[in-house]
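The values are calculated or read from the model by the stated rules, or taken from the named source; none is laboratory data. The structure displayed is predicted, hence computed values, not measured ones. Note that each Cβ is placed from the backbone with ideal geometry, even for glycine, and that neighbours are counted across all protein chains shown. We work out accessible area using only protein heavy atoms, side chains counted, and drop any ligands, DNA or RNA first. Shrake-Rupley method; radii C 1.70, N 1.55, O 1.52, S 1.80 Å.
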Amino acid sequence: MKIKLVLVSLFLIVSGKLFSQVEYGKSVVKVLASDKFAGRGYVFNGDKKAASFVTQEMKKSGLQPLGNSFEQKFDLAANIFPKTAKISMDNNPLKMGKDVLIDATSPSIKGTFDIVPAELPSADLADLKKMQTDAQFKNKIIFIDEANHIKKITADGYRKSLAFLMTEGNYAAILVKTKQKFTWRGATLQNKIPVIYIQESVYDLLKQPHHITLDITAKFQPAYQSQNICGFLKGTSNSDSTIVVTAHYDHIGSIGKKVIFNGANDNASGTAMMLYLANYYGKNKPKYNMIFLAFSGEESGLLGSKFYVNNPLNDLSKIKFLLNLDMAGTGDDGIQVVNGTEFKKEFELLQRINAEKSYLPKVLVRGPMNRSDHFPFYEKGVPCFFIYTLGGIAAYHDIFDRYETLPFTKFNGYANLLIQFLSQL
């Protein structure tokens, strides 16, 4: 009977520990991915609200500011949309983010315009310049069938041609029919020409509309002040080696107050994992000094992490290892470890722990890539991994990446794997 009670007690303790991991993660994502935070971009103070929340969580975990303040301020450029954008075709209202999507670099535009089909020339600069001044397009909407043009001038040629036509022209805007899933981004510039993407299925139902009515308000902010959040934990040893855990808390904002890119998986979930580790090590003091960095500006081109490595608050040469965590909310198919080919000893350790404990279905290796906040550190010679979970939901940089649909499939196992890994470095 005593043995049974002991086993039950152990089960409850272990279960409670696992439960607390995923529940903590969920509680963080629920806040960061809420509409109140406006997609954690640079409209409606979304980034500042998120930064304040992250700072409070670090304080609760017993972290100290790295330097004089938790905040490391820096400026970035941002094109934002502070008002609801309205689009209709032949008096048929369209849903932003589902039926249509404006390009993130678009300027303001208001009015009703004729739609004129257009054939993109080759990517030849002279041909494109002629198109920009073609009288038949003046003050009208150029309509482009993306699939047809990719067939004619290749995907790369199409992208280059469209990018050039966005910079200047006598036409009012460009309308692109696409089969592609809508994705948005953070824009650090404002082009002269608005671009509107419409789903092929929606356009075809409208049976070649003749007019489009646009009401889009954009505002370019050349020097918006954002902030990285930087916390510190003192290690128990006398070593000056430091473990760094990073995640970007920013996302791509919103179009007005109703069309919000909440960014639950990208990257409220990675921020939640970073904050969970901060909470864990706040209670279980680490051997080495630990720094936790929550970056802004990642979605705009790794701007926060680039600023940090050029204005470091710690000695980069003393970093024993850096973990950059992004999209930690799934894991059905395991994790991808970027830089695993570069730091083979650490990758083999990660794989060995997972093989012994079966925390995750797979630990997959990938070479270097420059698309997340580890990369500025990697360029400075800092040993690092960029890790993201695989499988699960397909929502990414769209209005469907929400807390309500994020499965948190392997959050517990992922957290345990990282703790075991860091303890054995």
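Annotations for the structure displayed:
Residue-wise test of (1) of a type outside the set (Lys, Arg); (2) over 30 Å from the mean Cα position of the chain (by Cα); (3) part of a strand (DSSP E or B).
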site: THR84; (1), (2), (3): yes, no, no
site: LEU101; (1), (2), (3): yes, no, yes
site: PHE113; (1), (2), (3): yes, yes, yes
site: LYS130; (1), (2), (3): no, yes, no
site: GLN136; (1), (2), (3): yes, yes, no
site: LYS177; (1), (2), (3): no, no, yes
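- Note on segment 256-283: among residues that are among the hydrophobic types (A, V, I, L, M, F, W, C) and open to solvent by 10 Å² or more (accessible area, probe 1.4 Å), the one that is nearest to PHE321 (Cα to Cα) is ILE260.
- Residue satisfying condition, being open to solvent by 20 Å² or more (accessible area, probe 1.4 Å), within 30 Å of LYS26 (Cβ to Cβ) and assigned by the TED database to the domain that holds GLN180, within set LYS48, LYS98, LYS59: LYS98
- Qualifying residue in segment 396-404 (condition: part of a loop (DSSP other than H, G, I, E, B) and surrounded by 23 or more Cβ atoms within 10 Å (Cβ to Cβ)): yes
- Some residue of segment 236-253 being assigned to a strand (DSSP E or B), among the polar types (S, T, N, Q) and touching a strand residue (DSSP E or B) at 6+ places or on another chain (Cβ under 7 Å): yes
- Picking from residues in segment 284-306 that are in contact with a strand residue (DSSP E or B) (Cβ under 6 Å, 6 or more places away or on another chain) and open to solvent by 30 Å² or more (accessible area, probe 1.4 Å), the one that is nearest to VAL382 (Cα to Cα) is TYR288.
- Every pair of residues 6+ apart whose Cβ atoms lie under 9 Å, when the first sits in segment 137-160 and is over 23 Å from ILE212 (Cα atoms) while the second is modelled with pLDDT of 95 or more: TYR158/ILE144; TYR158/GLU146
- Here segment 186-232 is the region considered, the condition is being of a type in the set (D, E, K, R) and either outside any strand (DSSP E or B) or modelled with pLDDT under 95 (or both), and the residue that is surrounded by the most Cβ atoms within 10 Å (Cβ to Cβ) is GLU200.
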